[in-house]
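> Pasting a structure here, questions to come.
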Amino acid sequence: MKYTIDAKGKKIGRVASAAAALLMGKARSDFTKNRILDLEVEIVNAGALFISLAKQKKKLYKHYTGYHGGLKQESFEKVVLRHGIAEPLKHAVYGMLPANRLRKERMKRLKITE
C-alpha cells in the first residue's frame, strides 16, 4: 500500500509525525508493533514546506564523532544547502520512530520528493 503526504505549506514537525505514524502502520487494521507492514510513504512538495526564519537561523544539528572535542554542529541552513530540504525531514521522521531494530527498515520505506 502506498500513502502520499502533501507537504505544501505545512510545518516540518506535522509532516514528520504523520509520516512516522504511517510508517509504523498505525492507520491499518492489521497493525502490530513488532512487524513491518508492506507499505510505502511518499512525501511530495517537500520544497514548499513552511519553515520559520527563527528555525532556519537557530536550529542546530549535532553529532559526536567519538573523539575528544569531537562534537560537530551544523545549522539548519547549512544542512539544507548541502543535502537539500529532504535531510532535515528525514532526521525528524527518524527521531519520531521507535528506537528499535525495525527503525532502519521503516526508514527505507520513506521517499521524499522536492
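We did not get these values from a lab; they are worked out from the coordinates using the rules stated. Predicted model, so just to flag it, every value in this text is computed and none were measured. Glycine gets a Cβ as well: all are built from the backbone with ideal geometry, and neighbour counts include every protein chain shown.
> In degrees from 0 to 90, rounded to the nearest 10, what is the angle of the helix 12-24 Cα long axis to the longest principal axis of the chain?
The helix 12-24 is inclined about 40 degrees to the chain.
> Which FRET efficiency value, to the nearest 0.05, is calculated for Glu105 and Lys8 with the Förster distance at 30 angstrom and r the Cβ-Cβ distance?
0.60
> Given the options Lys90, Lys72, Lys33, state which has the largest fluctuation in a GNM of the chain using a 10 Å cut-off (strictly under) for Cα springs.
Ranking Lys90, Lys72, Lys33 by mean-square fluctuation puts Lys72 first.
> Same structure, new question: Among bridges DSSP assigns within the chain, what percent are antiparallel (round to 5)?
35
> Additional query: By its C-alpha gyration tensor, with a ≥ b ≥ c as the square roots of the eigenvalues, how is the chain shaped: rounded for a/c under 1.5, else prolate for a/b larger than b/c, else oblate?
In terms of gyration-tensor shape, oblate.
> Mind telling me which of Gly69, Gly47, Gly84 comes out most flexible in a GNM of the chain, alpha-carbon contacts under 10 Å?
Gly69
> Between Tyr94 and Gln56, with labels modelled 7 Å along Cα→Cβ, what's the label distance in nm to one decimal, could you check?
Going from the Tyr94 label point to the Gln56 one covers 2.4 nm.
> In the stretch 8-41, which residues have a backbone nitrogen under 13 Å from the label point lying 7 Å from Thr113's Cα in the Cα-to-Cβ direction?
Under 13 Å, as judged by backbone N against the label point of Thr113, lie 41 of the stretch 8-41.
> Within the stretch 57-109, how many lysine pairs that are 8 or more places apart, or on different chains, have C-alpha atoms less than 26 Å apart?
Summing the qualifying lysine pairs gives 24.
> May I pose another question? In percent, what relative contact order does the chain have, based on Cα pairs under 8 Å that are 6 or more apart in sequence?
Result for the chain is 35 percent.
> Expressed in nm to one decimal, what extension gain is obtained for the pair Gln73 and Ile36 from 0.36 nm per residue of sequence separation less their Cα-Cα distance?
Residue separation times 0.36 nm, minus the Cα-Cα distance, leaves 10.0 nm.
> Give me the angle, in degrees from 0 to 90, between the Cα long axis of helix 86-96 and the longest principal axis of the Cα atoms of the chain, rounded to the nearest 10.
So the inclination is approximately 60 degrees.
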